[in-house]
Amino acid sequence: MIERVINEIKEKYYGVPFLALGQTVLWDEPTKIALKYWLDKLYPESVFIFGVHNTDYFAKSPIASDKDAYILMSHNDNSTRDLWASTIEISRPFGSENHPTLQFFRRCNVPINSIVPNEKKNEFLDEITSCWGWMAVVKSGTRSIVACDVKLQDILEKLIELIVWGTCGVRDIIGERGCIKDFCDRIREFILDYAKKNVNATITDLFKELYRWFWEELIGYIPQDIIITSSLELFRFNTKTYDLPRFSIIEGFINPYMSNIYKNCYNNAVKDSGIYSLDYFGYGAIPFDLVIPGKERGTILIQPKFLIIEGEEEIRVPLDNPITSLKDLAEIIEKNFGENSAIIGKAVVLLSMIRSEFILVFNERGSLYYNLTFNMERMLEENGIHTEFYPILRLRYGTWDLIEDIDREITLPDYMRIAFGKDVISLKEFSIKWRNVVKEQESFIHKVANTRKPREIMKFLIEIKENEWEEKLNLYNQLKQDLISKRLPIEANWQKMRELKEKLKGINNPTERRQLKEEIRRLRDEAWRMEKSREIKEIREKLKEIEREVERKKAEILRYSYLVKENLPYTHCRPSAWWFIAMDPSRKWFKNLVEKLDGYTEGERCKSYSLQKCRQ
């Protein structure tokens, strides 16, 4: 199928470059080199560009640290809920940033806030809502920094620490094999050697070199005809570049006759998505940021008398005349900030910018915003704005289906063991079973969620081979029986009280009524005194602790099932390039992935077979 897709692209969009743009090389970006094999075979004259997306803010910690400028951090739905990671992140095999939410557990009938003591509550919530096998380097402190400004020397120690953490995860899965240590040593030595020779390098500079390093490891050579760049370079905006097609959509937001239509379409597209509408940023805002290297990144606001860059610090530029065209904007920006600043679209409109000039290469499940982008483009057309954009090319890998070619057993991550019913599995068996296992998780979660009584939960745990719960169920039953025995005198008192209250209804004599009421009061006080006895309180507390433990175990099993359901399909679609190197020295796994690569296009908005000809 990939042959048909590439041939269609060649026929319809001949000469249009392919662009793969990603924030980190430690994830799935270098894996896209798989497409190069087919381009060389079917479309050798094509242009393939890889870019480091370095115009976003570097990941920032939601938790302040006084000790380190940069720290390692994982993601959960409690203390790091607001973490947005970019630039330096890594996933162990089968790991991702996906994590269950507190709302997920509430929907599954877990009393998530009451099953641990208050002093341990945050620790528990962090753990139960955490992702598995994912970590990022994030910036501490209050001041943000744009990724293009991050110096390699400032981040080097934490980068090495992150890589060691990630590769150790492979050791846990495939055991102490030489290929793991070899990979870890080689990538660490490469980075340290590069940093030593390039003391003024940025993290972007290193990532460009790591692309080449990964490709040589994966396919045995470095393609010389691939262009490696960055988003700062691609979207550099000045009087020499403003008329490039990638900036054409900005014109609609500036042109006084069309800007209201463009802004309304954008606002309607992001409505109810959690993304801010333009009103949030202030009067004159457009959905683009200006990145001024070494200084600031901020939303562009174009007002009659001022150009405002609304970042962590506001920059206000007085205007002699209103900005009504891209040329006006380019002249003002170049005059005030130089030739090296870049304009980058906010998440939704960025895809439109790129697809005005490039065929954007995504792996499956790449980008959370593409549907919003397509909605905005559709609304523009419905409002009479003729839009033309190249398609997105989605690459579809056979990651876990093809891992069978590695003749090896692995130790499954703890979250996968219940789902697969074993701790150790051959990769051949895993490749056959994983899809069905994922499908089973939906009904499994439903069953666990609706198992609510402590005894029922413990019986279910025993069914799924959690054998230690058989002893706890017996203890729970014994404690319940002990409680019933200890409460027999109490129940006898309550029964006498009920009988006396019934008798009281038929007595009118004041003296007799008073005597009966006194007896009822005595029996009640005696019952409550027995109810609060040390023995009964201890039994109740033991029962309560078992019930809390049961609920915690239920939450853990739900977390595991959620991670299986989400992580396996996600990592199948977006495999980290380094997994193929660290887990399979023969590279047979990656070779088969390349040869069986599939793909499809989406988001095409070009009525002409040659968009380039349309523009000439």
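The values are calculated or read from the model by the stated rules, or taken from the named source; none is laboratory data. The shown structure was predicted, so the numbers you read here are calculated from the model rather than taken from an experiment. Neighbour counts run over all protein chains shown; Cβ positions are idealised from the backbone, glycine included. Remember, those area values only see protein heavy atoms, side chains included, never the ligands or the DNA or RNA. Shrake-Rupley method; radii C 1.70, N 1.55, O 1.52, S 1.80 Å.
Looking only at residues in region 87-103 that are buried (at least 19 other Cβ atoms within 10 Å of the Cβ) and hydroxyl-bearing (Ser, Thr, Tyr), the one that is farthest from the chain's Cα centre (by Cα) is 87.
Any chance region 355-378 includes a residue that's open to solvent by 30 Å² or more (accessible area, probe 1.4 Å), farther than 29 Å from residue 572 by Cβ and not hydroxyl-bearing (Ser, Thr, Tyr)? For region 355-378, residues open to solvent by 30 Å² or more (accessible area, probe 1.4 Å), farther than 29 Å from residue 572 by Cβ and not hydroxyl-bearing (Ser, Thr, Tyr): present. Considering (1) open to solvent by 30 Å² or more (accessible area, probe 1.4 Å); (2) without any contact (Cβ under 8 Å) to a residue 60 or more places away in the chain; (3) in contact with a helix residue (DSSP H, G or I) (Cβ under 7 Å, 6 or more places away or on another chain), the lone condition that residue 221 does not fulfil carries the number (3).
Within region 544-560, one or more residues are more than 27 Å from residue 477 (Cα to Cα) and touching a residue at least 24 places away in the same chain (Cβ under 8 Å).
The rows are residues; the columns are (1) basic (Lys, Arg); (2) out of contact with any Cys (no Cβ under 8 Å at 6 or more places or on another chain); (3) modelled with pLDDT under 95.
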| site | (1), (2), (3) |
| --- | --- |
| 286 | no, yes, no |
| 290 | no, yes, no |
| 297 | yes, yes, yes |
| 302 | no, yes, no |
| 320 | no, yes, yes |
| 378 | yes, yes, yes |
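Residues of region 460-480 include at least one that is touching a Ser or Thr at 6+ places or on another chain (Cβ under 9 Å) and either modelled with pLDDT of 90 or more or closer than 30 Å to residue 94 by Cα (or both). Restricting the first member to region 474-489 and to residues that are among the charged types (D, E, K, R), and the second to residues that are open to solvent by 60 Å² or more (accessible area, probe 1.4 Å), the beta-carbon pairs closer than 8 Å and six or more apart or on different chains are 486/535.
Among strands (runs of 3 or more DSSP E) entirely within region 266-379, having at least 3 residues that are in contact with a strand residue (DSSP E or B) (Cβ under 9 Å, 6 or more places away or on another chain) and closer than 30 Å to residue 32 by Cα singles out 285-292, 342-345, 359-363.
Checking each residue in region 54-86 for being assigned to a loop (DSSP other than H, G, I, E, B), open to solvent by less than 40 Å² (accessible area, probe 1.4 Å) and within 17 Å of residue 141 (Cβ to Cβ) picks out 58, 59, 61, 65, 80, 83, 85, 86.
Here region 104-152 is the region considered, the condition is being surrounded by fewer than 19 Cβ atoms within 10 Å (Cβ to Cβ) and of a type in the set (Lys, Arg), and the residue that is modelled with the lowest pLDDT is 143. Against the test of being part of a loop (DSSP other than H, G, I, E, B), aromatic (Phe, Trp, Tyr) and over 25 Å from residue 296 (Cα atoms), the options 38, 27 yield a single qualifying residue, 27. Residues in region 39-52 that are under 20 Å from residue 208 (Cβ atoms) and either open to solvent by 20 Å² or more (accessible area, probe 1.4 Å) or out of contact with any Ser or Thr (no Cβ under 9 Å at 6 or more places or on another chain) (or both): 47, 48. Considering region 443-480, the residues that are of a type in the set (Val, Ile, Thr) and assigned to a helix (DSSP H, G or I) include one that is most open to solvent (accessible area, probe 1.4 Å), namely 462. In region 117-135, the residues that are closer than 20 Å to residue 168 by Cα form Cβ pairs under 8 Å with partners that are in a helix (DSSP H, G or I) and open to solvent by 40 Å² or more (accessible area, probe 1.4 Å), at six or more places apart or across chains, as follows: 135/165. Within region 481-508, track down each residue that is farther than 30 Å from residue 553 by Cβ and either open to solvent by 70 Å² or more (accessible area, probe 1.4 Å) or at pLDDT 90 or above (or both). Scanning region 481-508 gives 488, 491, 495, 496, 498, 499, 501, 502, 503, 505, 508.
The set of residues in region 327-350 being open to solvent by less than 10 Å² (accessible area, probe 1.4 Å) and more than 19 Å from the chain's Cα centre (by Cα) consists of 329, 330, 333, 341, 342, 343, 344, 345, 349. For residue 434, the criteria (1) open to solvent by less than 60 Å² (accessible area, probe 1.4 Å); (2) closer than 30 Å to residue 4 by Cβ; (3) free of Cβ contacts under 8 Å to residues at least 60 places away in the same chain hold in every case but one, which is (3). Within region 509-554, the set of residues being loosely packed, with under 15 Cβ neighbours inside 10 Å, at pLDDT 90 or above and either touching a Pro at 6+ places or on another chain (Cβ under 6 Å) or acidic (Asp, Glu) (or both) comprises 538, 541, 545.
Only one entry in 440, 409, 404, 388 is within 30 Å of residue 358 (Cα to Cα), out of contact with any His (no Cβ under 8 Å at 6 or more places or on another chain), among the acidic types (Asp, Glu) and surrounded by fewer than 19 Cβ atoms within 10 Å (Cβ to Cβ), namely 388. Of all the residues in region 252-292, those that are of a type in the set (Lys, Arg) and within 22 Å of residue 314 (Cβ to Cβ) number 1. What's the total number of residues in region 478-528 that are among the β-branched types (Val, Ile, Thr) and either closer than 30 Å to residue 544 by Cα or within 58 Å of the chain's Cα centre (by Cα) (or both)? Residues flagged as among the β-branched types (Val, Ile, Thr) and either closer than 30 Å to residue 544 by Cα or within 58 Å of the chain's Cα centre (by Cα) (or both) within region 478-528 amount to 2.
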